[in-house]
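Structure first, commentary second.
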Amino acid sequence: MIIGIDFGTSNTDIVISDNGDKEFFSMPSEQINDEILDKILHYIDVDTTNLEKIAVTGGKSSDLSNSIKNIPIIKVNEVDAIGYGALELYDLKNKPFVAVSAGTGTACIFHDDNKFNHLGGISIGGGTLLGLSNYILNTTEVSELEELSQKGNRQNLDLLIGEAVNEIGSLYPEISASNFLKGRSSKDHNPSDIAASLSNMIGEVIGTIAYLNAIVCGQKEVYFMGRTSQIETIKKGIEDRLKLANINGIFEENREYGNVLGALRALQQKQL
């Protein structure tokens, strides 16, 4: 039996792999230290006598000790975790691909010739959604924000291309020309419209960085991981941006566990 742990800024994801069977867990993130590993092992109620190795990634997991209870702790860098996670989720084998991990922030990698290359990242992601929603809407509950955004109409706040100009190249008229522009003339907007505009804005930014990296790498698909891409209004914003460049977004189930699955696969494939 082996365990993978991904220490995200907001969530800590855990996967137990026992003879090929996988069990998934999540818990709110806390300060990373050796004590948190004890807490995690207690939380998932695992028999450590059968535990061979623990793979860790994310946060400051590299600061952890090299073992706990005589169980080796293998540290996997986040670029490898994202890359191997995409390989695991999407069964991509050795083909070149661009993968985007959309979590608290957003990171992009490119796989080619059996190597993972970090394309860079942006600070926009789920953390942006929660921080701004706390200021503007007085909530940080993702389920509440998603429900609000699905009820809202972002066009009450966003200026669309079709409203701003007659024609710009191949841009669709319903694409945003300016997020939240209509908020400059009035503060009288309902929470649903604000949530819709905010979620869409985050999706558009992630989608833009995704399609630009895909173009640079000569790819027609982008493979997504991370919880932020599971919020439907954000996912739609991502897909709308990808369409501008004829890039296809691929969204597999369980993609919130992509990085931790990648840590496990790195442990196995690289024989760490």
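A few remarks follow.
- Residue pairs meeting the criteria (Cβ under 6 Å; at least 6 apart or on separate chains; first farther than 12 Å from Q268 by Cβ, in segment 3-22; second aliphatic (A, V, I, L, M) and modelled with pLDDT under 90): F7/I32
- Within the span defined as segment 158-170, every residue fails to be aliphatic (A, V, I, L, M) and touching a residue at least 40 places away in the same chain (Cβ under 8 Å).
- Comparison of I122, I136 shows that the only residue that is closer than 22 Å to L212 by Cβ, in contact (Cβ under 8 Å) with a residue 40 or more places away in the chain and among the hydrophobic types (A, V, I, L, M, F, W, C) is I122.
- Odd one out for N138 among (1) more than 18 Å from E232 (Cβ to Cβ); (2) surrounded by 14 or more Cβ atoms within 10 Å (Cβ to Cβ); (3) in the same structural domain as V216 (by TED's automatic domain parsing): (2)
- Members of segment 63-92 that are under 19 Å from T12 (Cβ atoms) and in a strand (DSSP E or B): I68, I71, I73, I74, K75
- Taking the numbered list (1) outside any helix (DSSP H, G or I); (2) surrounded by fewer than 24 Cβ atoms within 10 Å (Cβ to Cβ); (3) not acidic (D, E) in turn, F224 passes all entries but (2).
The values are calculated or read from the model by the stated rules, or taken from the named source; none is laboratory data. Everything quoted here is computed from the prediction, not taken from an experiment. Positions of Cβ are generated from backbone atoms using ideal geometry, with glycine treated the same way; all protein chains shown enter the neighbour counts.
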